[in-house]
1. Within the set of other residues whose C-beta is less than 9 Å from the C-beta of Gly67, count the net charge using Lys and Arg as +1 and Asp and Glu as -1.
2. From the square roots a ≥ b ≥ c of the eigenvalues of the alpha-carbon gyration tensor of the range 37-104, which class results: rounded (a/c under 1.5), prolate (a/b over b/c), or oblate?
3. Under a 5 Å amide H to amide H cut-off, with H placed in plane at 1.01 Å, what residues pair with Gly35 once short-range neighbours are removed?
4. For labels at Asp45 and Asp59 in the simple 7 Å Cα→Cβ model, what's the distance in nm?
5. For Ala72 and Lys107, FRET efficiency with R0 = 30 Å and r from the beta-carbon atoms, rounded to 0.05?
6. Put a dot 7 Å past each Cα toward the Cβ at Thr29 and Val97; how far apart are the dots in nm?
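FYI, it's all coordinate maths here, none of it is from the lab. Since this is a predicted model, take the numbers as computed values, not measurements. Cβ: placed from backbone, ideal geometry, glycine included. Neighbour counts: every protein chain shown.
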Amino acid sequence: MRALLLVALAGLSSCSLFKDEDKPEVSETKPSLVGRIASVPEGGDFVLIESYGTWRVPDGGMLTGIGTEGRASNLLATGEKLGQFSAADIRSGVAKVGDSVYFRPIKDDKPPGEFVETPSASQAPPATEPKTTTGDIPAKP
């Protein structure tokens, strides 16, 4: 009986041997509730967000506003703060007072300091004109 018990325990402890170690661990970044929309100035394209606790949204962070009727809006944190209120620009959708505001950090696959630059129009090399020859063009036989 003891031998059977030892074999069963050995079998349970060896289950960890069959883990797929080739798969990288995925760290999910879940959205977190950071506040609610406290004010939407008429004709303005921004909102004031009353934060719930410490504001941990970076400048330029993307936020999502979700209303009770299924509305959604994309907001961009501007970095302007006054007490527990922070400003955000409305990028798309309809934002209304009372909407919940969520922040989901975007995981950057590149290590810090490695940025891929795309040349702007001022940095692009000057276009070269195609070379033209002046002179006689040989006739086709």
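1. Details: positive: Arg71, Lys96; negative: Glu69, Asp99.
Every neighbour counted, the sum reads 0.
2. Details: a/c = 1.44, a/b = 1.33, b/c = 1.08.
Taking the square roots of the gyration eigenvalues as a ≥ b ≥ c, the range 37-104 is rounded.
3. The answer is Tyr52, Val101.
4. A separation of 2.0 nm, rounded to one decimal place.
5. 0.85
6. 3.3
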